[in-house]
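Since the structure comes first, as structure tokens, the remarks are kept for the end.
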Amino acid sequence: MKRLHVSFGVKDLEKSVLFYSTLFGAEPSVRRPGYAKWMLDDPRVNFVVESLSGEIGFSHAGIQVESQEELEPIFSRLKEAEAPYLPEGVTTCCYHKSEKSWTADPDGVRWEAFFTMHQMDEFGSGPELERLDVTEKDAQACGCSAPKAEATPVSTCC
């Protein structure tokens, strides 16, 4: 079974944890320095707030799977979506060891698909997500859509 993943960057982690704990009626299932995660079943979501990236607001969405076998069909769909594709492989990010890949929708909203193997003691680092940014010129060259926001691309959807 799959679970929606949503991640937000926040200024004040403690205030955000208090707010979302009240909203969800539950304490975070994971608390680490600069990071909190709720694994909710109603709604079925992996909801994260973190203050380590320095970014505020919506960060990205994703699809979390419960087994490694569920990844390949999702990775295949990400590749077929005529959008940038960034296979990250096995990595440590957000206090978890996971296998993941990334894409961005036509408006530049970043999505990840991942399977979490286990928790880690270190936060880890993310991939170079700016590689998902596609300019209009790049998009026209390969026939896909470009994000509307200005971006400095490192790669294209081709």
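The values are calculated or read from the model by the stated rules, or taken from the named source; none is laboratory data. Not measured: the values here are computed from a predicted model. For neighbour counting, all protein chains shown are included, and Cβ atoms are generated from backbone atoms with ideal geometry for every residue, glycine included. To get the accessible areas, we keep the full protein, side chains included, count just its heavy atoms, and leave off ligands, DNA and RNA. Shrake-Rupley method; radii C 1.70, N 1.55, O 1.52, S 1.80 Å.
If you take the beta carbon distance between residue 53 and residue 26 as r and set R0 to 25 Å, what does 1/(1 + (r/R0)^6) give as a FRET efficiency, to the nearest 0.05? Once rounded, the FRET efficiency stands at 0.55.
Take residue 101: with every protein chain present and a 1.4 Å probe, its accessible area is about 0 Å². Here residue 17 sits with roughly 10 square angstrom of accessible surface, probe radius 1.4 Å. Just want the answer: with Cβ charges of +1 for Lys and Arg and -1 for Asp and Glu, which residue in 48, 63, 18 is farthest toward the dipole's positive end in segment 1-101? Checking the options against the dipole of segment 1-101, the answer is 18.
Going by the alpha-carbon gyration tensor, a ≥ b ≥ c the square roots of its eigenvalues, is segment 1-106 rounded (a/c under 1.5) or, if a/c is not under 1.5, prolate (a/b greater than b/c) versus oblate? Prolate.
For segment 12-68, the set of GluC sites (Glu not before Pro) satisfying both a DSSP loop assignment and a count of at most 16 other C-beta atoms within 10 Å is given as 55, 66. Which links in 15/37; 15/100; 2/79; 11/97 stretch past 21 Å when you go from one Cα to the other? Flagged as over cut-off: 15/100; 11/97. Counting only protein chain heavy atoms and rolling a 1.4 Å probe, the accessible areas of 3, 31, 44 rank, largest first, as 31, 44, 3.
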